[in-house]
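Q: One structure follows; several queries about it will come next.
The values are calculated or read from the model by the stated rules, or taken from the named source; none is laboratory data. The shown structure was predicted, so the numbers you read here are calculated from the model rather than taken from an experiment. Virtual Cβ from ideal backbone geometry, glycine too; neighbours counted across all protein chains shown. Keep in mind that these areas ignore ligands, DNA and RNA; they rest on the heavy atoms of the full protein, side chains included. Shrake-Rupley method; radii C 1.70, N 1.55, O 1.52, S 1.80 Å.
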Amino acid sequence: GRAEAAAGPVDPNEPQAKSLGYVADATKVDAKTNPNYKAGQQCANCLQAPSAKAGDAMVACNIFAGRTVAAKGWCKVYVKRA
């Protein structure tokens with residue numbers, strides 16, 4: 001059979017998501033394990049989700065090969081979009 005790249009929304013329990021500390025709700029980030037997290041950081045305003053628009057529930061993420069992540073989510077590679 002042909003190998004297919006994963007598609008659709010990213011599950012926080014996937015190995016890559018877990019390794020990046022991805023959560024679908026940024027308000028639930030564990031500050032002890034993620035000391036760099038600041039309130040207000042979320043996928044919707046991250047550099048890795050350049051096509052995110054206000055009001056989107058899900059946004060395409062470059063880190064996860066263009067798959068969708070929760071707009072209100074967060075992970076360790078968060079970089080604020082200018």
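Q: Give me the percent of the accessible area of the chain that comes from carbon and sulfur atoms, probe 1.4 Å, all protein chains in place.
A: Carbon with sulfur: 57 percent of the solvent-accessible area.
Q: What spacing in nm lies between the two simple spin-label points modelled at Thr33 and Ser51, each 7 Å away from Cα in the Cβ direction?
A: In this crude spin-label approximation the distance works out to 3.0 nm.
Q: Taking only pairs that are 8 or more places apart or on different chains, how many Lys pairs in the chain have Cα atoms under 13 angstrom apart?
A: Value for the chain: 7.
Q: So, one more: Averaged per residue, what accessible surface does the stretch 20-82 expose to a 1.4 Å probe, in Å²?
A: I get 59 Å² per residue for this part.
Q: For the stretch 7-60, what are the per-bin percents of Cα-Cα distances with bins 10 Å wide, up to the bin holding the maximum?
A: Computed distribution, short to long bins: 22, 55, 23, 0.
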